Amino acid sequence: MSTTPAPLLTVRDLKVVIGGRHILHGVDLEVAASGTTALLGRNGAGKTTTVRGILGLIPRTGSVLLGGEETVRLATHALVRRGIGYAPEDRGVFAALTVAENLRLAERPGAGEPAYDLVHELFPELRQRARQAAGTLSGGQQQMVAIARTLLNGNRLIIADEPTKGLAPKVVSEVAQVLERAAQAVPILLVEQNLAVVRRLARHCAVLADGRTAHRGPAAELLADADAARRLLGVGRARHGDTGTPSAGTPAGTSPGTPARTAAHPAAPTAEADA
Ligand SMILES: Nc1ncnc2c1ncn2[C@@H]1O[C@H](COP(=O)(O)OP(=O)(O)OP(=O)(O)O)[C@@H](O)[C@H]1O
Ligand SMILES: [Mg+2]
(Lines give C-alpha, C1' and ligand atoms only; values in the text may rest on other atoms or scores of the structure.)
(Ligands and ions follow the chains in the order given, each with its own letter.)
Protein backbone atom coordinates (compact mmCIF):
# COMPACT_ATOMS: atom_id res chain seq x y z
CA MET A 1 0.00 0.00 0.00
CA SER A 2 1.31 3.43 -0.90
CA THR A 3 1.18 6.25 1.60
CA THR A 4 -0.77 9.36 0.63
CA PRO A 5 1.53 12.33 -0.03
CA ALA A 6 1.08 15.30 2.31
CA PRO A 7 -1.38 17.90 1.00
CA LEU A 8 0.11 20.98 -0.64
CA LEU A 9 -2.38 23.30 1.06
CA THR A 10 -4.19 22.67 4.32
CA VAL A 11 -6.92 25.08 5.41
CA ARG A 12 -8.25 24.78 8.95
CA ASP A 13 -11.08 26.67 10.59
CA LEU A 14 -10.88 29.56 8.11
CA LYS A 15 -13.16 32.36 9.26
CA VAL A 16 -14.02 35.58 7.47
CA VAL A 17 -16.09 38.51 8.71
CA ILE A 18 -16.99 41.26 6.24
CA GLY A 19 -18.71 44.42 7.42
CA GLY A 20 -19.69 42.73 10.67
CA ARG A 21 -21.26 39.79 8.86
CA HIS A 22 -19.84 36.30 9.39
CA ILE A 23 -19.30 34.91 5.90
CA LEU A 24 -17.07 31.92 6.67
CA HIS A 25 -17.70 30.14 9.96
CA GLY A 26 -14.86 27.63 9.75
CA VAL A 27 -13.76 26.13 6.44
CA ASP A 28 -11.52 23.07 6.35
CA LEU A 29 -10.02 21.74 3.16
CA GLU A 30 -6.94 20.16 1.74
CA VAL A 31 -5.46 20.57 -1.73
CA ALA A 32 -3.66 17.49 -2.96
CA ALA A 33 -0.01 17.82 -4.01
CA SER A 34 -0.87 16.80 -7.57
CA GLY A 35 -3.83 16.94 -9.91
CA THR A 36 -7.06 18.82 -9.33
CA THR A 37 -8.98 19.28 -6.09
CA ALA A 38 -12.49 20.69 -6.47
CA LEU A 39 -14.14 23.24 -4.20
CA LEU A 40 -17.88 22.87 -4.58
CA GLY A 41 -21.07 24.30 -3.13
CA ARG A 42 -24.24 26.12 -4.07
CA ASN A 43 -24.33 29.80 -4.97
CA GLY A 44 -23.33 31.93 -2.03
CA ALA A 45 -21.88 28.99 -0.09
CA GLY A 46 -18.58 30.84 0.39
CA LYS A 47 -16.31 29.40 -2.32
CA THR A 48 -14.96 32.70 -3.65
CA THR A 49 -14.63 34.08 -0.12
CA THR A 50 -12.58 31.00 0.80
CA VAL A 51 -10.28 31.59 -2.17
CA ARG A 52 -9.96 35.28 -1.33
CA GLY A 53 -9.20 34.33 2.27
CA ILE A 54 -6.49 31.87 1.21
CA LEU A 55 -4.96 34.61 -0.96
CA GLY A 56 -5.08 37.20 1.82
CA LEU A 57 -7.32 39.50 -0.19
CA ILE A 58 -9.62 39.83 2.83
CA PRO A 59 -8.98 39.65 6.58
CA ARG A 60 -9.22 36.07 7.83
CA THR A 61 -8.40 33.89 10.81
CA GLY A 62 -7.62 30.23 11.18
CA SER A 63 -4.76 28.36 9.57
CA VAL A 64 -3.58 28.11 5.97
CA LEU A 65 -0.53 25.88 5.58
CA LEU A 66 1.23 26.02 2.23
CA GLY A 67 3.73 23.20 2.00
CA GLY A 68 3.78 23.13 5.80
CA GLU A 69 4.35 26.88 6.23
CA GLU A 70 1.71 28.92 8.05
CA THR A 71 0.58 31.71 5.71
CA VAL A 72 -2.59 33.02 7.33
CA ARG A 73 -0.91 36.19 8.53
CA LEU A 74 0.90 36.89 5.25
CA ALA A 75 -0.08 39.65 2.84
CA THR A 76 -1.19 38.80 -0.68
CA HIS A 77 2.10 39.83 -2.30
CA ALA A 78 3.96 37.46 0.02
CA LEU A 79 1.59 34.63 -0.90
CA VAL A 80 2.03 35.36 -4.59
CA ARG A 81 5.78 35.27 -4.10
CA ARG A 82 5.44 31.88 -2.43
CA GLY A 83 3.89 30.55 -5.61
CA ILE A 84 0.11 30.80 -5.60
CA GLY A 85 -1.34 31.69 -9.00
CA TYR A 86 -4.91 32.95 -9.23
CA ALA A 87 -7.33 32.87 -12.15
CA PRO A 88 -10.26 34.94 -10.83
CA GLU A 89 -13.96 34.43 -11.44
CA ASP A 90 -14.10 37.01 -14.26
CA ARG A 91 -10.80 35.82 -15.89
CA GLY A 92 -9.23 39.28 -15.56
CA VAL A 93 -7.94 39.25 -19.13
CA PHE A 94 -7.17 42.68 -20.68
CA ALA A 95 -9.37 42.77 -23.78
CA ALA A 96 -7.54 45.57 -25.58
CA LEU A 97 -4.12 43.98 -25.16
CA THR A 98 -2.74 41.17 -27.27
CA VAL A 99 -2.25 37.65 -25.98
CA ALA A 100 1.51 38.27 -25.78
CA GLU A 101 0.97 41.52 -23.85
CA ASN A 102 -1.39 39.83 -21.41
CA LEU A 103 1.26 37.21 -20.73
CA ARG A 104 4.05 39.76 -20.47
CA LEU A 105 2.11 41.69 -17.83
CA ALA A 106 1.92 38.53 -15.74
CA GLU A 107 5.68 38.08 -15.63
CA ARG A 108 6.89 38.47 -12.07
CA PRO A 109 10.26 40.00 -11.23
CA GLY A 110 12.33 37.62 -9.15
CA ALA A 111 10.38 34.54 -10.16
CA GLY A 112 13.09 33.41 -12.53
CA GLU A 113 12.85 33.08 -16.27
CA PRO A 114 9.14 33.12 -17.28
CA ALA A 115 8.07 29.62 -18.32
CA TYR A 116 7.04 30.40 -21.89
CA ASP A 117 8.27 26.97 -22.98
CA LEU A 118 5.79 25.30 -20.66
CA VAL A 119 2.98 27.66 -21.67
CA HIS A 120 3.56 27.12 -25.38
CA GLU A 121 3.98 23.39 -24.96
CA LEU A 122 0.64 23.16 -23.14
CA PHE A 123 -1.14 25.78 -25.27
CA PRO A 124 0.44 26.02 -28.75
CA GLU A 125 -2.56 28.09 -29.79
CA LEU A 126 -1.39 31.00 -27.66
CA ARG A 127 1.82 31.24 -29.64
CA GLN A 128 -0.16 31.30 -32.89
CA ARG A 129 -2.45 33.97 -31.52
CA ALA A 130 0.25 36.02 -29.78
CA ARG A 131 -0.61 39.21 -31.69
CA GLN A 132 -4.38 38.86 -31.46
CA ALA A 133 -6.28 41.20 -29.11
CA ALA A 134 -7.46 39.10 -26.17
CA GLY A 135 -10.92 40.63 -26.43
CA THR A 136 -11.41 38.97 -29.81
CA LEU A 137 -10.66 35.48 -28.44
CA SER A 138 -13.40 32.99 -27.62
CA GLY A 139 -14.31 32.52 -23.96
CA GLY A 140 -12.35 29.29 -23.94
CA GLN A 141 -9.27 30.92 -25.42
CA GLN A 142 -9.48 33.77 -22.92
CA GLN A 143 -9.58 31.21 -20.16
CA MET A 144 -6.49 29.67 -21.70
CA VAL A 145 -4.75 33.05 -21.36
CA ALA A 146 -5.92 33.34 -17.74
CA ILE A 147 -4.53 29.90 -16.87
CA ALA A 148 -1.35 30.45 -18.91
CA ARG A 149 -0.61 33.57 -16.86
CA THR A 150 -0.64 31.49 -13.68
CA LEU A 151 1.79 29.00 -15.23
CA LEU A 152 4.40 31.57 -16.26
CA ASN A 153 5.96 32.12 -12.86
CA GLY A 154 6.74 28.62 -11.68
CA ASN A 155 3.81 28.66 -9.27
CA ARG A 156 3.30 25.72 -6.88
CA LEU A 157 -0.46 26.01 -6.83
CA ILE A 158 -3.10 27.42 -9.16
CA ILE A 159 -6.48 28.52 -7.88
CA ALA A 160 -9.12 28.82 -10.61
CA ASP A 161 -12.51 30.28 -9.65
CA GLU A 162 -15.34 28.96 -11.87
CA PRO A 163 -13.39 28.95 -15.13
CA THR A 164 -16.30 27.40 -17.07
CA LYS A 165 -18.96 29.82 -15.81
CA GLY A 166 -21.19 31.16 -18.56
CA LEU A 167 -19.51 29.21 -21.36
CA ALA A 168 -21.28 27.13 -24.01
CA PRO A 169 -20.98 23.33 -23.63
CA LYS A 170 -18.40 22.95 -26.39
CA VAL A 171 -16.25 25.68 -24.84
CA VAL A 172 -16.66 24.12 -21.40
CA SER A 173 -15.11 21.01 -22.86
CA GLU A 174 -12.20 23.04 -24.26
CA VAL A 175 -11.60 24.71 -20.92
CA ALA A 176 -11.70 21.35 -19.15
CA GLN A 177 -8.98 20.22 -21.49
CA VAL A 178 -6.95 23.36 -20.73
CA LEU A 179 -7.23 22.66 -17.01
CA GLU A 180 -6.40 19.01 -17.50
CA ARG A 181 -3.19 19.98 -19.28
CA ALA A 182 -2.31 22.62 -16.68
CA ALA A 183 -2.88 20.16 -13.81
CA GLN A 184 -0.20 17.92 -15.25
CA ALA A 185 2.26 20.70 -14.48
CA VAL A 186 0.88 22.28 -11.29
CA PRO A 187 -1.75 21.21 -8.71
CA ILE A 188 -5.04 23.08 -9.07
CA LEU A 189 -7.72 24.11 -6.61
CA LEU A 190 -10.75 24.35 -8.88
CA VAL A 191 -13.92 26.15 -7.84
CA GLU A 192 -16.52 24.64 -10.12
CA GLN A 193 -20.28 24.19 -10.40
CA ASN A 194 -20.24 22.13 -13.58
CA LEU A 195 -20.24 18.60 -12.26
CA ALA A 196 -19.24 17.08 -15.58
CA VAL A 197 -16.02 19.08 -15.34
CA VAL A 198 -15.57 18.01 -11.72
CA ARG A 199 -16.14 14.40 -12.70
CA ARG A 200 -13.57 14.66 -15.46
CA LEU A 201 -10.83 16.49 -13.54
CA ALA A 202 -11.04 16.21 -9.79
CA ARG A 203 -9.84 13.39 -7.63
CA HIS A 204 -10.80 14.99 -4.33
CA CYS A 205 -13.35 17.60 -3.37
CA ALA A 206 -14.57 19.75 -0.53
CA VAL A 207 -18.14 21.00 -0.44
CA LEU A 208 -19.10 24.22 1.32
CA ALA A 209 -22.53 25.06 2.66
CA ASP A 210 -23.35 28.29 4.49
CA GLY A 211 -19.71 29.20 5.01
CA ARG A 212 -18.67 25.83 6.41
CA THR A 213 -17.21 22.62 5.05
CA ALA A 214 -20.11 20.23 4.70
CA HIS A 215 -18.28 17.35 3.03
CA ARG A 216 -14.80 16.21 2.00
CA GLY A 217 -13.74 13.13 0.10
CA PRO A 218 -13.16 11.56 -3.31
CA ALA A 219 -15.03 13.51 -5.99
CA ALA A 220 -16.21 10.38 -7.81
CA GLU A 221 -17.74 9.03 -4.62
CA LEU A 222 -19.80 12.17 -4.05
CA LEU A 223 -20.97 12.36 -7.66
CA ALA A 224 -22.01 8.71 -7.59
CA ASP A 225 -24.14 9.30 -4.49
CA ALA A 226 -27.35 10.88 -5.76
CA ASP A 227 -28.67 11.64 -2.27
CA ALA A 228 -25.49 13.35 -1.14
CA ALA A 229 -25.16 15.28 -4.41
CA ARG A 230 -28.76 16.47 -4.09
CA ARG A 231 -28.36 17.45 -0.46
CA LEU A 232 -25.00 19.17 -0.85
CA LEU A 233 -25.13 20.56 -4.37
CA GLY A 234 -28.83 20.73 -5.18
CA VAL A 235 -28.56 18.59 -8.31
CA GLY A 236 -30.17 15.40 -9.55
CA ARG A 237 -33.74 16.13 -8.40
CA ALA A 238 -36.15 13.70 -10.00
CA ARG A 239 -39.09 14.55 -12.24
CA HIS A 240 -41.26 12.22 -14.26
CA GLY A 241 -39.32 9.83 -16.41
CA ASP A 242 -36.13 10.79 -14.63
CA THR A 243 -34.54 8.64 -12.00
CA GLY A 244 -32.78 11.63 -10.50
CA THR A 245 -29.64 9.56 -10.36
CA PRO A 246 -26.56 11.17 -11.85
CA SER A 247 -25.42 7.87 -13.38
CA ALA A 248 -22.01 7.22 -14.86
CA GLY A 249 -22.96 8.44 -18.31
CA THR A 250 -25.11 11.35 -17.23
CA PRO A 251 -23.44 14.47 -15.93
CA ALA A 252 -25.40 15.49 -12.87
CA GLY A 253 -25.44 19.09 -14.06
CA THR A 254 -27.56 18.10 -17.05
CA SER A 255 -30.34 16.74 -14.89
CA PRO A 256 -33.68 18.42 -15.56
CA GLY A 257 -33.89 19.23 -11.87
CA THR A 258 -30.78 21.37 -11.98
CA PRO A 259 -31.23 24.79 -10.34
CA ALA A 260 -31.38 27.96 -12.41
CA ARG A 261 -27.73 28.90 -11.91
CA THR A 262 -26.53 25.60 -13.34
CA ALA A 263 -28.87 25.89 -16.28
CA ALA A 264 -27.15 29.15 -17.19
CA HIS A 265 -23.94 27.32 -16.63
CA PRO A 266 -24.29 24.36 -18.89
CA ALA A 267 -22.80 21.00 -18.21
CA ALA A 268 -20.36 19.48 -20.62
CA PRO A 269 -21.35 16.73 -23.03
CA THR A 270 -21.53 13.19 -21.73
CA ALA A 271 -18.40 12.14 -23.60
CA GLU A 272 -16.49 14.79 -21.73
CA ALA A 273 -17.83 13.60 -18.40
CA ASP A 274 -16.46 10.17 -19.14
CA ALA A 275 -13.10 11.37 -20.41
N1 LIG B 1 -17.70 41.82 0.14
C2 LIG B 1 -18.80 41.25 0.63
N3 LIG B 1 -19.63 41.94 1.43
C4 LIG B 1 -20.74 41.38 1.94
N5 LIG B 1 -21.11 40.11 1.71
C6 LIG B 1 -20.34 39.37 0.92
C7 LIG B 1 -19.14 39.89 0.33
N8 LIG B 1 -18.56 38.90 -0.40
C9 LIG B 1 -19.38 37.84 -0.30
N10 LIG B 1 -20.44 38.11 0.49
C11 LIG B 1 -21.52 37.18 0.83
O12 LIG B 1 -20.92 36.01 1.32
C13 LIG B 1 -21.61 34.87 0.88
C14 LIG B 1 -20.63 33.96 0.16
O15 LIG B 1 -20.25 34.59 -1.05
P16 LIG B 1 -19.23 33.94 -2.06
O17 LIG B 1 -19.06 34.89 -3.18
O18 LIG B 1 -18.02 33.49 -1.33
O19 LIG B 1 -20.04 32.64 -2.53
P20 LIG B 1 -19.74 31.62 -3.71
O21 LIG B 1 -19.85 30.26 -3.12
O22 LIG B 1 -18.47 31.98 -4.40
O23 LIG B 1 -20.99 31.87 -4.67
P24 LIG B 1 -21.14 31.84 -6.27
O25 LIG B 1 -21.36 30.40 -6.60
O26 LIG B 1 -22.35 32.66 -6.52
O27 LIG B 1 -19.90 32.40 -6.88
C28 LIG B 1 -22.76 35.36 0.01
O29 LIG B 1 -23.91 35.41 0.82
C30 LIG B 1 -22.31 36.74 -0.38
O31 LIG B 1 -23.42 37.56 -0.61
MG1 LIG C 1 -17.99 32.59 -6.33
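Brief remarks on what is shown
- Here Thr164 passes the criteria (1) of a type in the set (Val, Ile, Thr); (2) more than 19 Å from Tyr86 (Cα to Cα); (3) under 15 Å from the mean Cα position of the chain (by Cα) except the one numbered (2).
- Complete set of residues in region 130-176 that are in a loop (DSSP other than H, G, I, E, B), within 16 Å of ligand 2 (Cβ to nearest atom), touching an Asp or Glu at 6+ places or on another chain (Cβ under 8 Å) and not hydroxyl-bearing (Ser, Thr, Tyr): Glu162, Pro163, Lys165
- Qualifying position, being touching a Leu at 6+ places or on another chain (Cβ under 6 Å) and surrounded by 19 or more Cβ atoms within 10 Å (Cβ to Cβ), among Val27, Val51: Val27
- One residue stands out in region 190-209 among those that are in a strand (DSSP E or B) and within 13 Å of ligand 2 (Cβ to nearest atom): the one that is surrounded by the fewest Cβ atoms within 10 Å (Cβ to Cβ), namely Val191.
- Residue among Glu101, Glu107 that alone is modelled with pLDDT under 95, more than 16 Å from ligand 2 (Cβ to nearest atom), of a type in the set (D, E, K, R) and closer than 28 Å to Arg181 by Cβ: Glu107
- Residue in region 59-78 that is within 16 Å of ligand 1 (Cβ to nearest atom) and closer than 20 Å to Glu162 by Cα present: no
- Condition met for Glu101 (assigned to a helix (DSSP H, G or I) and away from ligand 1 (no atom under 16 Å from the Cβ)): yes
- Considering residues of region 4-49 that are in contact with a Ser or Thr (Cβ under 9 Å, 6 or more places away or on another chain) and among the β-branched types (Val, Ile, Thr) only, the residue farthest from ligand 1 (Cβ to nearest atom): Thr10
- Matching entry among Arg42, Arg60, Arg21 (being basic (Lys, Arg) and within 20 Å of the chain's Cα centre (by Cα)): Arg42
- Restricting the first member to region 151-169 and to residues that are touching a residue at least 60 places away in the same chain (Cβ under 8 Å) and among the β-branched types (Val, Ile, Thr), and the second to residues that are more than 16 Å from ligand 2 (Cβ to nearest atom) and part of a loop (DSSP other than H, G, I, E, B), the beta-carbon pairs closer than 6 Å and six or more apart or on different chains are Ile158/Val186.
- Residues satisfying the criterion are absent from region 57-70 (criterion: at pLDDT 95 or above, under 22 Å from Asp13 (Cα atoms), in a helix (DSSP H, G or I) and touching a Lys or Arg at 6+ places or on another chain (Cβ under 7 Å)).
The values are calculated or read from the model by the stated rules, or taken from the named source; none is laboratory data. Source: prediction; values computed, not measured. For neighbour counting, all protein chains shown are included, and Cβ atoms are generated from backbone atoms with ideal geometry for every residue, glycine included.
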